[in-house]
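K.L.:
I am attaching a structure below and will ask some questions about it afterwards.
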Amino acid sequence: MASPKFEIERIRVSPQALRAVPTELPAADPAAAALLDLLDHYLPGVTAHMERTAGLTRRVGVRMGLSEPMIQLAVRTAWLHDVGKLKVPTWVLEKPGELSTLEWSMLREHAVLGERLLERTPGLLQLAPLVRSTHERWDGSGYPDGLAGTGIPLPSRLVTVCDAFDAMTQDRIYSPALPLNRAIWQLHKGAGTQFDPDIVDALCDELADGFDLLSWQA
């Protein structure tokens with residue numbers, strides 16, 4: 001396996017081929033589309049993040065050789081991984097400074113709240129436990145259940161890595177976008193602790209084939 005430094009250098013010198021191609025929400029998911037419409041009105045901009053995450057999730061899933069049904073399951077999970085934020089106060093979600101212990105606890109609840117929303121939404125029950133697990137960590141220190149390693153569902157592990165990459169490379173209320181090399185370094189740093197290391201490697205391989213960061217951040 002290539003070293004993190006080698007992967008970063010490969011990405012630095014091949015920036016053209018890969019572009020962020022959005023993954024359309026399947027037409028068969030009208031209930032999901034309705035939830036996303038509500039979320040976009042409640043928290044403008046978050047559905048763009050979910051769309052980018054879904055697109056990258058598909059690319060990485062293909063890179064890993066996953067079956068199409070598994071990829072579709074991961075992509076649908078990516079589209080809905082933040083839907084629980086509908087139940088979190090906007091003053092917490094949009095706070096520019098550091099969150100208090102109470103506010104952080106409220107934010108962390110969005111994984112469980114998302115699961116509950118999907119459990120009550122026709123056609124989306126299968127995604128509920130996957131959305132719940134998108135903030136678990138490879139080493140078991142995540143939330144809400146402290147799952148570890150392959151005990152975390154594969155679609156959730158895939159979304160976790162792609163979600164983190166997109167979050168790091170976009171401007172946020174509390175943090176400016178990281179340079180691409182720094183974001184990749186952070187992924188490698190978290191491989192084996194926060195992230196599934198095989199998924200990190202697959203994402204880096206996909207990016208190394210060429211990445212237009214300006215297109216991604218547009």
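K.L.:
Got a number for residues in the stretch 149-177 being part of a helix (DSSP H, G or I) and aromatic (Phe, Trp, Tyr)?
P.N.:
1
K.L.:
Kindly indicate whether GLU94 is within 23 Å of GLU51 (Cβ to Cβ) and in contact (Cβ under 8 Å) with a residue 12 or more places away in the chain.
P.N.:
Taking the combined requirement at face value, the residue satisfies it.
K.L.:
Kindly provide the set of residues from the stretch 178-187 that are open to solvent by 30 Å² or more (accessible area, probe 1.4 Å) and either in contact (Cβ under 8 Å) with a residue 60 or more places away in the chain or in a loop (DSSP other than H, G, I, E, B) (or both), ordered by number.
P.N.:
Hits for the stretch 178-187 are LEU178, PRO179, ASN181, TRP185.
Residue by residue, here is whether (1) open to solvent by less than 40 Å² (accessible area, probe 1.4 Å); (2) more than 17 Å from PHE195 (Cα to Cα) holds:
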site: SER100; (1), (2): no, yes
site: MET106; (1), (2): no, yes
site: GLU115; (1), (2): yes, yes
site: ASP139; (1), (2): no, no
site: GLY146; (1), (2): yes, no
site: GLY151; (1), (2): no, no
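K.L.:
Could you tell me whether the stretch 192-205 includes any residue that is part of a helix (DSSP H, G or I), touching a strand residue (DSSP E or B) at 6+ places or on another chain (Cβ under 7 Å) and over 16 Å from ALA74 (Cα atoms)?
P.N.:
Yes.
K.L.:
Which residues, counting only those in the stretch 56-73, are part of a helix (DSSP H, G or I) and either surrounded by fewer than 24 Cβ atoms within 10 Å (Cβ to Cβ) or at positive phi (or both)?
P.N.:
Matches in the stretch 56-73: ARG58, ARG59, VAL62, ARG63, GLU68, PRO69, MET70, ILE71, GLN72, LEU73.
K.L.:
Go through the stretch 117-137 and give me each residue that's open to solvent by 20 Å² or more (accessible area, probe 1.4 Å) and closer than 16 Å to GLY190 by Cα.
P.N.:
Once the filter is applied, which keeps residues that are open to solvent by 20 Å² or more (accessible area, probe 1.4 Å) and closer than 16 Å to GLY190 by Cα, the stretch 117-137 yields HIS135, ARG137.
K.L.:
Then there's this: Would you be able to say whether some residue in the stretch 124-140 is hydroxyl-bearing (Ser, Thr, Tyr) and touching a helix residue (DSSP H, G or I) at 6+ places or on another chain (Cβ under 8 Å)?
P.N.:
yes
K.L.:
Follow-up. Restricting attention to the stretch 112-122, does a residue exist that is over 24 Å from ARG52 (Cβ atoms) and in contact (Cβ under 8 Å) with a residue 60 or more places away in the chain?
P.N.:
yes
K.L.:
Please go through (1) within 30 Å of GLY146 (Cβ to Cβ); (2) at pLDDT below 95; (3) out of contact with any Ser or Thr (no Cβ under 8 Å at 6 or more places or on another chain) for GLU51 and return the number of the only condition it doesn't satisfy.
P.N.:
(3)
K.L.:
Ok, one more. Taking VAL83 and the conditions (1) farther than 23 Å from ASP198 by Cβ; (2) open to solvent by 20 Å² or more (accessible area, probe 1.4 Å); (3) among the hydrophobic types (A, V, I, L, M, F, W, C), which numbered condition does it fall short on, given that it satisfies the others?
P.N.:
Result: VAL83 fails condition (2) only.
K.L.:
Also, I was wondering about something else. In the stretch 37-55, which residues are acidic (Asp, Glu) and open to solvent by less than 70 Å² (accessible area, probe 1.4 Å)?
P.N.:
Those that are acidic (Asp, Glu) and open to solvent by less than 70 Å² (accessible area, probe 1.4 Å): ASP40, GLU51.
A quick yes/no check of all residues on (1) farther than 23 Å from GLU109 by Cβ; (2) in contact (Cβ under 8 Å) with a residue 40 or more places away in the chain; (3) in contact with a Phe, Trp or Tyr (Cβ under 7 Å, 6 or more places away or on another chain):
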| residue | (1), (2), (3) |
| --- | --- |
| ARG132 | no, no, no |
| TRP138 | no, yes, yes |
| ALA167 | no, yes, no |
| ALA202 | yes, yes, no |
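K.L.:
State yes or no: is ALA27 outside any helix (DSSP H, G or I), at pLDDT below 60, surrounded by 13 or more Cβ atoms within 10 Å (Cβ to Cβ) and not acidic (Asp, Glu)?
P.N.:
In short, no.
K.L.:
Return the residue satisfying two criteria in turn: it lies in the stretch 192-218 and is small (Gly, Ala, Ser) and surrounded by fewer than 19 Cβ atoms within 10 Å (Cβ to Cβ), and of such residues it is modelled with the highest pLDDT.
P.N.:
GLY192
The values are calculated or read from the model by the stated rules, or taken from the named source; none is laboratory data. It should be emphasised that the depicted structure is a prediction, and the values quoted were computed from it without experimental measurement. Note that each Cβ is placed from the backbone with ideal geometry, even for glycine, and that neighbours are counted across all protein chains shown. These area figures cover heavy atoms from the full protein model, side chains too; ligands, DNA and RNA do not enter into them. Shrake-Rupley method; radii C 1.70, N 1.55, O 1.52, S 1.80 Å.
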